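A.B. asks: First the structure, which I've put down as structure tokens, then a few questions once you've had a look.
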Amino acid sequence: HVRLVESGGGSVQAGGSLRLSCTATGANYNSNCMGWFRQAPGKEREGVAAIYTAGGHTYYANSVKGRFTISQDNGKNSVYLQMDNLTPEDTAMYYCTADPSVIEFGSNWAFASFGTWGQGTQVTVSS
């Protein structure tokens, strides 16, 4: 259906920045929503950000709101995650996902399903 390749991860010190990139390839690409989630060892997957391709509506985890920015290119074959003011708590494997399912509850939200994702890119933040 779609192949996703993440890049841009690395090791940074607290307060630093990284820009993650995700390129989607494959025939029949038609994603209504794309996003990013992360997973640290021993922890559950956590939805980080999502963007709807049509209207550009975005979602952010409370823990990253104001620090991370999700965006797409005009061709919608790439999605980005600009991460600023990183903290050690941001250390995780970050995955780009096509067509996650976003569920809202109250003022919060989560990924009900994580869609199709790639192999991820590691982000390590040292103090």
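The values are calculated or read from the model by the stated rules, or taken from the named source; none is laboratory data. These numbers were taken from a predicted model, which means no experiment stands behind them. Positions of Cβ are backbone-derived with ideal geometry, glycine not excepted, and every protein chain shown enters the neighbour counts. Each accessible area value is taken on the protein alone, full model and side chains, heavy atoms only, with ligands, DNA and RNA left out. Shrake-Rupley method; radii C 1.70, N 1.55, O 1.52, S 1.80 Å.
A.B. asks: Examine the stretch 74-87 for a residue that is out of contact with any Ser or Thr (no Cβ under 9 Å at 6 or more places or on another chain), in contact (Cβ under 8 Å) with a residue 40 or more places away in the chain, surrounded by fewer than 21 Cβ atoms within 10 Å (Cβ to Cβ) and under 19 Å from residue 24 (Cβ atoms), and state whether such a residue exists.
C.D. replies: Our first condition is that a residue be out of contact with any Ser or Thr (no Cβ under 9 Å at 6 or more places or on another chain); within the stretch 74-87, this holds for 74-75.
From the residues that got through so far, the ones that are in contact (Cβ under 8 Å) with a residue 40 or more places away in the chain too are none.
No: the stretch 74-87 contains no residue that is out of contact with any Ser or Thr (no Cβ under 9 Å at 6 or more places or on another chain), in contact (Cβ under 8 Å) with a residue 40 or more places away in the chain, surrounded by fewer than 21 Cβ atoms within 10 Å (Cβ to Cβ) and under 19 Å from residue 24 (Cβ atoms).
A.B. asks: Within the bounds of the stretch 90-100, is there any residue that is open to solvent by 20 Å² or more (accessible area, probe 1.4 Å) and over 27 Å from residue 124 (Cβ atoms)? Please lay out each step first, then the result.
C.D. replies: Filtering the stretch 90-100 down to residues open to solvent by 20 Å² or more (accessible area, probe 1.4 Å) leaves 91, 93, 95, 99.
Right, trim to over 27 Å from residue 124 (Cβ atoms) and you get 99.
Yes; the residues of the stretch 90-100 include at least one that is open to solvent by 20 Å² or more (accessible area, probe 1.4 Å) and over 27 Å from residue 124 (Cβ atoms).
A.B. asks: Tell me whether the stretch 25-48 contains one or more residues that are surrounded by fewer than 13 Cβ atoms within 10 Å (Cβ to Cβ), among the acidic types (Asp, Glu), over 14 Å from the mean Cα position of the chain (by Cα) and assigned to a loop (DSSP other than H, G, I, E, B).
C.D. replies: Yes, there is a match, as at least one residue in the stretch 25-48 is surrounded by fewer than 13 Cβ atoms within 10 Å (Cβ to Cβ), among the acidic types (Asp, Glu), over 14 Å from the mean Cα position of the chain (by Cα) and assigned to a loop (DSSP other than H, G, I, E, B).
A.B. asks: In the stretch 1-15, which residues are touching a strand residue (DSSP E or B) at 6+ places or on another chain (Cβ under 7 Å), open to solvent by less than 50 Å² (accessible area, probe 1.4 Å) and either at pLDDT below 95 or in a loop (DSSP other than H, G, I, E, B) (or both)?
C.D. replies: Correct list: 2, 4, 8, 9.
A.B. asks: Any chance you could count how many residues in the stretch 101-118 are in a loop (DSSP other than H, G, I, E, B) and open to solvent by 20 Å² or more (accessible area, probe 1.4 Å)?
C.D. replies: Let us first name the residues in the stretch 101-118 that are in a loop (DSSP other than H, G, I, E, B), namely 106-107, 114-115, 118.
Restricting the remaining residues to those that are open to solvent by 20 Å² or more (accessible area, probe 1.4 Å) gives 106-107, 114-115.
Counting residues in the stretch 101-118 that are in a loop (DSSP other than H, G, I, E, B) and open to solvent by 20 Å² or more (accessible area, probe 1.4 Å) gives 4.
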